[in-house]
Amino acid sequence: MKDVLIPLGLLLFIGCFLYAIIHTARKQRKAKASVFKDFAKKNGLRYKDEDDGKAQGFAQDFDGIGRFSSPSLGKVIPKDVVDGILKGSEAIFFRHSIRFSEGCAREWFVAGVTSTEPIAERCAVLFFKGRPDKSTMYLQDPVVKEQKVGPFNLVVRAAGPSSAGKIMEEGVLNQLADGAGKLFFRPEIQVRGKRIMAYLADRNATVDEVETLEALFEFAKSAASL
């Protein structure tokens with residue numbers, strides 16, 4: 001009898017464990033979606049639970065975030081897309097997950113702004129408290145400048161100094177660091193021409209309140225204006 005009960009007990013335990021994981025994941029996805037829905041409703045913007053092409057069009061050539069397929073999952077579509085005109089700027093918000101390889105995955109929470117004028121050809125600005133971590137699994141360009149501003153060590157990555165344009169200037173980096181210092185999370189930005197996106201830099205950071213999306217947008221918008 002014991003020979004039967006032990007395997008049955010093990011199977012029951014595994015089944016309960018898997019159910020708990022699936023239930024928790026669904027609950028987390030629902031909570032994240034609620035934040036984007038509430039944000040869209042509060043600001044009179046459009047919400048879609050799955051991207052209809054707008055998020056992919058905006059992010060298509062950004063490092064990491066612009067990937068919409070993975071070796072194991074195939075096509076991957078951004079979720080919880082919010083878009084429209086916010087405070088006079090063309091804005092888009094979305095959640096996007098991508099698996100680079102087995103055991104190497106990343107989820108982004110993104111606020112994007114389209115400026116009326118080009119910001120920079122192509123670059124990224126990273127904000128570190130402490131020693132900069134120059135290793136990256138998604139940013140392709142080399143480091144072209146480092147600058148210490150207050151509590152931050154800023155790192156600019158671009159194909160070359162000309163690709164980063166005015167973002168290389170000390171005054172601009174000082175203002176970016178000042179804006180980042182007012183946030184309750186560590187940001188990161190990427191720029192492609194007139195498009196700029198800000199997102200949570202830490203891999204395990206998540207959006208669990210509308211205020212986070214608002215802060216991301218304000219940071220992206222202010223960075224674009226610099």
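Taken together, the values in this text are just the output of simple stated rules run on the coordinates, not laboratory data. Just so it is clear, the model here is predicted, and its values are computed rather than measured. Cβ atoms come from the backbone with ideal geometry, glycine included; neighbour counts cover every protein chain shown.
In segment 42-129, what trypsin sites (Lys or Arg not before Pro) fall in a loop by DSSP, with at most 11 other Cβ atoms inside 10 Å?
Those satisfying the criteria are Lys87.
List Ile85, Ile98 from most exposed to least, where exposure is judged by having the fewest other Cβ atoms within 10 Å. Show your work: numbers first, answer last.
Values: Ile85 11, Ile98 20.
By the 10 Å Cβ count, ascending, the order reads Ile85, Ile98.
May I ask you to evaluate 6.51 cos²θ - 1.76 cosθ + 1.60, the Karplus curve with θ = phi - 60°, for each residue of segment 192-198 and list the ³J(HN,Hα) values in order in whole Hz, giving x for glycine and proline?
Taking θ as phi minus 60°, the curve returns 9, x, 8, 9, 9, 10, 10 Hz for segment 192-198.
Just grab the label-to-label distance for Ser69 and Ser162, each label 7 Å out from Cα along the Cβ direction, in nm (one decimal).
3.3
First select every other residue whose beta carbon is under 14 angstrom from the beta carbon of Gly130; then total the charges, Lys and Arg +1, Asp and Glu -1.
+2
How do Asp51, Asp141 line up, fewest other C-beta atoms within 10 Å first?
Lowest to highest Cβ neighbour count: Asp141, Asp51.
Taking Cα centroids, how far is segment 207-226 from segment 63-136 in Å?
If we compute the Cα centre of each part, the gap is 13 Å.
Suppose R0 equals 35 Å. What FRET efficiency, 1/(1 + (r/R0)^6) with r the Cβ-Cβ distance, do Leu226 and Lys37 give to the nearest 0.05?
In this case the efficiency is close to 0.65.
Any idea what Rg and Dmax come out to for segment 136-215 if you just take the C-alpha atoms, in Å?
Rg then Dmax for segment 136-215, in Å: 13.2, 37.
Lysines within cross-link reach of Lys166: Cα-Cα under 29 Å, excluding same-chain residues under 8 positions apart?
Lys166 reaches Lys54, Lys87, Lys129, Lys134, Lys145, Lys148, Lys182, Lys194, Lys221.
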